[in-house]
Ligand code: SF4
């Protein structure tokens, strides 16, 4: 039987559980425990995820007594926008503040054919990738399910319509907050609610092998994107310390098993860093590593962060890298970074906000 989540683990003033952390079954259990008919759960679900209600009192087809009871028992305000910055392309970055004052980043990326929202899964990250501001700042806590869902709802309110795509590429390692992320995905995927198709939701991981094995068995059609960033164990471990825990050869085997089990193509992410991992020899080693594994490779130019003293590859080096992969029949694309002018590199808005707050105090 579904249970109601425990009170928020926040240290702020509002200790009520988040209504957005409840699954559909849990919502039904709440209504049943309050002596309400089953259709009440559906009504509340529609208010939350179709009408995007932000106040209990707005739910006009619910009896006043029930609204008051729900207001006493559950918070409907998981997060608020603390700062916004936009660039001319329409890409917008939000600093999202949770009830305990912790902040994460979210990026809204509109394009003619899609509206993508990039969301965070943790406050900080424990994996400390060399090129990532979030990792360098360390881990604070997992986001609750409702705090993850809330980021999608903020985008839906700003766009006056639901995002078409959701990518877990903001702050945090989503597979390190597995249960809350999966529950959030099931909520935003619900066809009687936000209704974002599973194939339009991407989980990006640094390669947490046990969680990838678990994900393969979930029967959910999400996209999986794996950060490689280096073609050898030695170099990858230097750039991504998580590589010491989950070595590259084991990671590639896990990716092959994931593909065999789910039949879903994996996308490998590779950030090109000048003279570190972008040389022709690196491209050839990457070809050998991937061999005939059916996959996609996304190449990205490094977004500079102050904590990492390195530069992005030149366009020429990047083009040469793509060419080498293409020659080996590897489906590789050089992605244009969007959001650099709004400080959209991982962790940067949060750090600059913290700097401003510190200098103001
Ligand atoms: S790149 Fe991802 S996994 Fe690595 S430190 Fe940053 S948030 Fe964590």
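Okay, here's what the table says:
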item: Pairs with Cβ under 6 Å, 6+ apart, first in segment 121-134 and without any contact (Cβ under 8 Å) to a residue 60 or more places away in the chain, second part of a loop (DSSP other than H, G, I, E, B) and near the ligand (Cβ under 7 Å from one of its atoms); result: 122/172; 125/172; 125/173
item: Test: residue in segment 148-165 that is closer than 23 Å to residue 193 by Cα, under 12 Å from the mean Cα position of the chain (by Cα) and assigned to a loop (DSSP other than H, G, I, E, B); result: no
item: Every pair of residues 6+ apart whose Cβ atoms lie under 6 Å, when the first sits in segment 64-86 and is closer than 19 Å to residue 153 by Cβ while the second is assigned to a helix (DSSP H, G or I) and at pLDDT below 95; result: 83/353
item: Enumeration of residues in segment 148-170 that are within 16 Å of the ligand (Cβ to nearest atom) and crowded, with 24+ Cβ neighbours inside 10 Å; result: 148, 151, 168, 170
item: Segment 68-87, residues that are more than 28 Å from the chain's Cα centre (by Cα) and surrounded by 17 or more Cβ atoms within 10 Å (Cβ to Cβ); result: 70
item: Matching residues, segment 104-137, being part of a loop (DSSP other than H, G, I, E, B) and more than 8 Å from the ligand (Cβ to nearest atom); result: 112, 113, 119, 120, 121, 130
item: Single unsatisfied condition, residue 213 versus (1) more than 19 Å from residue 250 (Cβ to Cβ); (2) more than 16 Å from the ligand (Cβ to nearest atom); result: (1)
item: Among residues of segment 9-23, those that are farther than 10 Å from residue 73 by Cα, modelled with pLDDT under 95 and in contact with a strand residue (DSSP E or B) (Cβ under 9 Å, 6 or more places away or on another chain), counted; result: 4
item: Those residues of segment 218-253 which are in a helix (DSSP H, G or I) and under 13 Å from residue 295 (Cβ atoms), in sequence order; result: 251, 252
item: Tally, over segment 171-180, of residues that are within 13 Å of the ligand (Cβ to nearest atom) and either closer than 15 Å to residue 144 by Cβ or assigned to a helix (DSSP H, G or I) (or both); result: 6
item: Residues of segment 184-210 satisfying the condition of being away from the ligand (no atom under 16 Å from the Cβ) and assigned to a loop (DSSP other than H, G, I, E, B); result: 190, 191, 192, 193, 194, 195, 196, 197
item: The lone exception for residue 52 - which of (1) within 30 Å of residue 111 (Cα to Cα); (2) without any contact (Cβ under 8 Å) to a residue 60 or more places away in the chain; (3) surrounded by fewer than 20 Cβ atoms within 10 Å (Cβ to Cβ) it fails; result: (2)
item: Residue pairs meeting the criteria (Cβ under 6 Å; at least 6 apart or on separate chains; first assigned to a helix (DSSP H, G or I), in segment 267-283; second crowded, with 22+ Cβ neighbours inside 10 Å); result: 283/321
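The values are calculated or read from the model by the stated rules, or taken from the named source; none is laboratory data. Just so we're clear, the structure is a prediction, and the values are computed from it rather than from any experiment. All Cβ positions, even for glycine, are placed from backbone atoms using ideal geometry, and neighbour counts span all protein chains on display.
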